[in-house]
Amino acid sequence: MTTIGDVVLIYFKDEPTFFARIESIEADIKKDWFIVEFLILAIPLRAVIWILREEYINGVPFTMEGNPVRIEAVNPLTAESDSEDRKKTAPQKEPAHQGGKVIPFAKPKKGDRKVTE
C-alpha cells in the first residue's frame, strides 16, 4: 500500500504530469474515503489535499472533473542500481584530448609572476 512519505507519480489524462510526496493520510467522515495531502515536487512547491478511496491511492484510475487521473508509486532507486542504469544507457565518452593547456581558475596574487606564451 502507498503510504505517508512515499513518492508517487501523478498521471493526468494518461500522461505523467508531476511527482508528489504523500504528507498525510487521514480518515474522512465518509466511510472508506481518506483525506490525502500531497506535496507536489515542482518549483514552486505546492501542497494539495484530495479526498480519495484507498484503491485510488494504490493506483486504480479515477476521474476528477471528468479527466482520468492515476497515482503510481515510485520505487526508490538504490545508488548501485542508478549507477548501473547510467552505465547501460550513457553514451561512451571520447577520451579527453591530451596535451592541452591548463588554465588556473584562481586569480594571480600580488607578487605572483605572470606566465605568458
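Every read-out reported here was derived from the displayed coordinates using simple, explicitly stated rules and does not represent laboratory data. Everything numeric here is computed off the predicted structure, so don't read it as measured data. In this analysis, Cβ positions are derived from the backbone assuming ideal geometry, glycine residues included, and neighbour counts consider all displayed protein chains.
Quick look at the numbers
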item: Residue ID - surrounded by the fewest Cβ atoms within 10 Å (Cβ to Cβ), chosen from residues in the stretch 1-31 that are over 12 Å from Val69 (Cβ atoms) and among the acidic types (Asp, Glu); result: Glu26
item: Selection count where residues are part of a strand (DSSP E or B) and in contact with a strand residue (DSSP E or B) (Cβ under 9 Å, 6 or more places away or on another chain), scope the stretch 5-32; result: 18
item: Qualifying residue in the stretch 49-56 (condition: closer than 18 Å to Pro16 by Cα and assigned to a loop (DSSP other than H, G, I, E, B)); result: no
item: Filter result (of a type in the set (Val, Ile, Thr) and either on the phi > 0 side of the Ramachandran plot or surrounded by 12 or more Cβ atoms within 10 Å (Cβ to Cβ) (or both)) within the stretch 32-48; result: Ile35, Val36, Ile40, Val48
item: Condition check for Glu65: among the acidic types (Asp, Glu) and either exposed (fewer than 12 other Cβ atoms within 10 Å of the Cβ) or at positive phi (or both); result: yes
